[in-house]
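Encoded as structure tokens, the structure appears first; notes follow it.
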Amino acid sequence: MLQPFTRNYHDNSTDAGHQFTFYCDICNDGYKSSFIESATYKKKKKSNFFGQSAGLVGGFLGGAAQKIGSTAERGGNILSKQHEGKSPEWQKEHEQAFEQAQNEAKQHFHRCPNCNKYVCDHCHNEDAGLCTACAPRQEVYVAKTHAQVMKRDIDTAGQTATVWQGKIESKTTMCTACGKPAGTGKFCNSCGASMELKECLKCGAKNAPTVRFCNNCGENLQTATAATPTGQCSSCGFNNPSGTKFCGECGNKL
């Protein structure tokens, strides 16, 4: 008598015989039962063989070869047909073969008492007596959780990490002497010209080297420079650069 077993199977039977593939309800891996040759097909094939042998007696060699080829083609067609419309004998064989295949496949499957799924050995937690969907293996679940936490921490660290600390906006200073980018130092990176700001002698405001008038008080910077060609110290007589407020030799206020 047939016993309850998984409905997740495929019937591979043909006229030539019976075979079934049973699948795990979780991973869908399959186990194919042993092939059982059909006795009715074997008898029919034997009968056809004797009939063809009698028809071939006295025939030419070419004709015999042609008939053998036709027989092989018909045999291939028989194997490819499904089992609809089969004889009662074949149907009885099929039922018996299905029962035998179930008993054979049951050795490789387990029924989970919680969800009633039939699962393979790989998807069965032998310690808990349940499928791995209901009771995952401890070491597997720990490894999975560890990997998930690691991914989460990496994503969080990546979102908060500082990977660049430069300035988003920066002005490029052009050298007035050579017209090339001067850099951020006191002298031009290309020609070495001084990039110091021009100080107004009247108000002390800092102005760009190319500015002719002070942007703070309007003083003519070129006139002021020409009127005071040198900052000679009245105390020690040292000639200081134009615009110097204190003597570089003795510290006297100019």
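For the structure I just gave you, tell me whether Asp153 is open to solvent by less than 90 Å² (accessible area, probe 1.4 Å) and not hydroxyl-bearing (Ser, Thr, Tyr). I'd like the intermediate steps shown before the answer.
Values: open to solvent by less than 90 Å² (accessible area, probe 1.4 Å): yes; not hydroxyl-bearing (Ser, Thr, Tyr): yes.
Judged against the criteria, Asp153 is a match.
Among (1) open to solvent by less than 80 Å² (accessible area, probe 1.4 Å); (2) of a type in the set (Val, Ile, Thr); (3) within 30 Å of Asn8 (Cα to Cα), where does Val140 come up short?
It fails just one condition, (1).
Sort out for me the helices (runs of 4 or more DSSP H) sitting completely within the stretch 9-125 that have 1 or more residues that are at pLDDT 50 or above and loosely packed, with under 12 Cβ neighbours inside 10 Å. Step through it out loud before you land on a result.
Working: elements: 39-56, 61-80, 88-105.
Result: 39-56, 88-105.
From the list Thr184, Thr176, Thr145, which one is without any contact (Cβ under 8 Å) to a residue 24 or more places away in the chain and open to solvent by 60 Å² or more (accessible area, probe 1.4 Å)? Let's see the steps before the verdict.
Working: Thr176 fails: without any contact (Cβ under 8 Å) to a residue 24 or more places away in the chain; Thr145 fails: open to solvent by 60 Å² or more (accessible area, probe 1.4 Å).
The conditions single out Thr184.
The values are calculated or read from the model by the stated rules, or taken from the named source; none is laboratory data. None of these values were measured; they are calculated from a predicted model. Reconstructed Cβ throughout: ideal geometry from the backbone, glycine too, with neighbour counts over all protein chains shown. Accessible surface is based on the protein model in full, side chains and every heavy atom, while ligands, DNA and RNA are left aside. Shrake-Rupley method; radii C 1.70, N 1.55, O 1.52, S 1.80 Å.
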